[in-house]
Amino acid sequence: MTPAQYAPLIAILIALPIILLRNRAPRTLRPGRMWVMPALIVPLMGLALWGTSMEPGADHTPFDLVAWAMLASGLILGGAAGWWRGKMTTIERHPDGTLKAQASPLGIILIVVLLLGRGTLRAILEPHAADWHLNTLAIADAFLLFVVGMIVVQRIEMFIRARRLLSGGTDSHVEAAPVA
């Protein structure tokens, strides 16, 4: 492995304990501000997709059906991962009307597995892309679309649940406590 390949692994090893410790306590959830992250991520990822197409030496061949299928798969799989991650987040309504959210450790582990999987897939797919008639730009872009799908759908899922709780409903994925 090269130093460029070690850097993400070292960053994950440093960040993972910090993130897990930080997520031990519930944090205040503000449904009115949940649109901010997707509103920032979508244009930034759009710029990243545009930027990768402008790289010198990049594969500028037009996307074929396989490339578009990879992009769609990345977005759909990211949406599924985001939905799952949003469902795994515990949201509670407190007596003062505030919402508290606590991310599941499984959601954090999912992100780490996805980052490691991305590196592994990239290492496998990119050297063999020409042999397998795959567009390397589409492979990289599919990973970016995965992130977009995951963030947007997670926020939508959490917003729906938070709105339900604020209107007096219950969180559908949490079992109700038995009445004594």
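Taking 0.36 nm per residue of sequence separation and subtracting the Cα-Cα distance, how much length would be gained by fully extending the chain between Leu40 and Ile19, in nm to one decimal?
5.4 nm
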Handout entry: Sites Thr120 and Thr170, calculated FRET efficiency, Cβ-Cβ separation with R0 41 Å, nearest 0.05
Key = 0.55
Problem - Square roots of five times the Cα gyration tensor eigenvalues for the range 66-110, Å - result: 32, 11, 5
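Based on alpha-carbon atoms only, what is the radius of gyration of the range 79-180 relative to the globular estimate 2.2 N^0.38 Å?
1.46
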Completion exercise
If one compares the long axis through the Cα atoms of helix 65-88 with the longest principal axis of the Cα atoms of the chain, the angle in degrees, nearest 10, works out at 20
Handout entry: Note, ³J(HN,Hα) from phi for the range 101-117, Karplus 6.51, -1.76, 1.60, rounded to Hz, x at Gly and Pro
Key = 10, 9, 5, 6, x, 5, x, 5, 5, 4, 5, 5, 4, 5, 5, 5, x
Handout entry: Compactness of the chain - radius of gyration and Dmax, Cα, Å
Key = 19.3, 69
Handout entry: C-alpha long axis of helix 136-166 to longest principal axis of the chain, angle in °
Key = 10
Exercise for the section: Measure off 7 Å from each Cα along the Cα-to-Cβ vector at Ile109 and Ala72, then give the distance between these two points in nanometres to one decimal. Expected result: 3.3
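The numbers here are math on the coordinates, done by the rules we state, and not lab data. Because the structure is a prediction, the values reported are computed rather than measured. In this analysis, Cβ positions are derived from the backbone assuming ideal geometry, glycine residues included, and neighbour counts consider all displayed protein chains.
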